[in-house]
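The structure appears right after this line, and notes come after that.
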Amino acid sequence: MEDIKVLEPTVNVHVFSDKILEQDVFFQVLKLQDSFYLWFGKSNQFGDLSVAMATLKNITSSTNLIGGNESHSVAMAQRLSKKMKKQVFISGDISCFDQLQLPLLEQRIAEEIKCNPDKF
């Protein structure tokens, strides 16, 4: 009979929030093995789902998996994947953010990555 090996969990959850242009925005990160899933929003809406990952030739490939063709979430997933060198899933109701909030949203995510890199 084989020995049973106890494995450590490979999914960790990290939650944070902030005010961006006077609106509460919530973030949730699911850290997976060699990837992470990032959800953000102003409510509990799932929104679209985009993914990005590095290919064998060190090119980042990205696409929208669920929802409309949200180029903002695809581009955000691509930038985060390049920066973190991991597969990145991005979900959120990005349509509820305007052009002024999107850069601030990414800036807040970058700040959280810098302060808590082990959560991503």
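The values are calculated or read from the model by the stated rules, or taken from the named source; none is laboratory data. In this text, all values refer to a predicted model and were calculated from it rather than measured experimentally. Note that each Cβ is placed from the backbone with ideal geometry, even for glycine, and that neighbours are counted across all protein chains shown. SASA here: full protein model, heavy atoms, side chains in, ligands and nucleic acids out. Shrake-Rupley method; radii C 1.70, N 1.55, O 1.52, S 1.80 Å.
Numerical summary
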{"read-out": "Count of the stretch 67-81 residues which are free of Cβ contacts under 8 Å to residues at least 24 places away in the same chain and either under 15 Å from the mean Cα position of the chain (by Cα) or within 23 Å of residue 108 (Cα to Cα) (or both)", "value": "2"}
{"read-out": "Pair list, Cβ under 7 Å, 6 or more apart: the stretch 46-59 residue within 14 Å of residue 80 (Cα to Cα), other residue assigned to a strand (DSSP E or B) and open to solvent by 90 Å² or more (accessible area, probe 1.4 Å)", "value": "50/65; 51/65"}
{"read-out": "Residues that are in contact with a helix residue (DSSP H, G or I) (Cβ under 8 Å, 6 or more places away or on another chain), over 14 Å from residue 35 (Cβ atoms) and of a type outside the set (A, V, I, L, M), drawn from the stretch 68-111", "value": "68, 70, 72, 73, 79, 92, 97, 106"}
{"read-out": "Residue that is surrounded by fewer than 16 Cβ atoms within 10 Å (Cβ to Cβ) and touching a residue at least 24 places away in the same chain (Cβ under 8 Å), where the choices are 38, 21", "value": "21"}
{"read-out": "Failed criterion for residue 56 (all others in (1) exposed (fewer than 15 other Cβ atoms within 10 Å of the Cβ); (2) hydrophobic (A, V, I, L, M, F, W, C); (3) part of a helix (DSSP H, G or I) hold)", "value": "(3)"}
{"read-out": "In the stretch 97-120, the residues that are at pLDDT below 90 and either outside any helix (DSSP H, G or I) or surrounded by 18 or more Cβ atoms within 10 Å (Cβ to Cβ) (or both)", "value": "97, 98, 99, 100"}
{"read-out": "For residue 94: the one exception among (1) of a type in the set (A, V, I, L, M); (2) surrounded by fewer than 18 Cβ atoms within 10 Å (Cβ to Cβ); (3) under 20 Å from residue 120 (Cβ atoms); (4) at pLDDT below 90", "value": "(2)"}
{"read-out": "Scope the stretch 92-120; condition in contact with a strand residue (DSSP E or B) (Cβ under 8 Å, 6 or more places away or on another chain), closer than 15 Å to residue 31 by Cβ and aliphatic (A, V, I, L, M); matching residues", "value": "109"}
